[in-house]
Amino acid sequence: MNFNGTTIRKVKDQLEEIGYFNDEQFLGSAAVKHHKDKIFIDLRSIGYEKTLSSNGGFYPETGALYWMYDEEMVSFVEATEMSNAFVKLQLDDG
């Protein structure tokens with residue numbers, strides 16, 4: 001396993017529940033931006049078989065955010081909206 005097993009299980013659980021996670025929730029930006037293949041390997045090793053897509057965006061108030069999503073559960077537009085909502089929540093809580 002490339003990443004912490006407990007964390008990868010939490011990523012898997014969230015993907016199965018809502019089809020989305022971002023680097024602020026799990027694993028950090030370097031992992032989600034540069035090591036997607038290792039994330040896929042780790043998820044597959046614990047039984048996650050769905051196809052994932054990834055994307056990212058720059059938010060002037062908070063910086064870059066990278067995310068991965070299950071296209072069968074969440075569209076590109078929905079994943080982007082989830083990311084926008086996550087950033088807004090961070091700003092509101094800040």
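The values are calculated or read from the model by the stated rules, or taken from the named source; none is laboratory data. Everything numeric in this text was worked out from a predicted model, so none of it was measured. Neighbour counts run over all protein chains shown; Cβ positions are idealised from the backbone, glycine included. To get the accessible areas, we keep the full protein, side chains included, count just its heavy atoms, and leave off ligands, DNA and RNA. Shrake-Rupley method; radii C 1.70, N 1.55, O 1.52, S 1.80 Å.
Points to keep in mind about this one:
- Count of residues meeting criterion [among the aliphatic types (A, V, I, L, M) and under 16 Å from ASN4 (Cβ atoms)] in segment 16-69: 8
- Residues that are open to solvent by 30 Å² or more (accessible area, probe 1.4 Å), over 16 Å from VAL11 (Cα atoms) and not hydroxyl-bearing (Ser, Thr, Tyr) do not occur anywhere in segment 40-47.
- Qualifying residues in segment 57-89 (those that are open to solvent by 80 Å² or more (accessible area, probe 1.4 Å) and not hydrophobic (A, V, I, L, M, F, W, C)) - the one modelled with the lowest pLDDT: GLU61
- Search result, residues across segment 23-58 that are part of a loop (DSSP other than H, G, I, E, B), over 10 Å from the mean Cα position of the chain (by Cα) and either closer than 19 Å to VAL74 by Cα or not aliphatic (A, V, I, L, M) (or both): HIS35, GLY47, TYR48, GLU49, LYS50, THR51
- Tally, over segment 1-22, of residues that are surrounded by fewer than 19 Cβ atoms within 10 Å (Cβ to Cβ) and either more than 19 Å from MET73 (Cα to Cα) or among the small types (Gly, Ala, Ser) (or both): 7
- Cross-chain or 6+ apart pairs with Cβ under 7 Å, segment 32-47 first and in contact (Cβ under 8 Å) with a residue 24 or more places away in the chain, then open to solvent by 50 Å² or more (accessible area, probe 1.4 Å) and assigned to a helix (DSSP H, G or I): ILE46/ARG9
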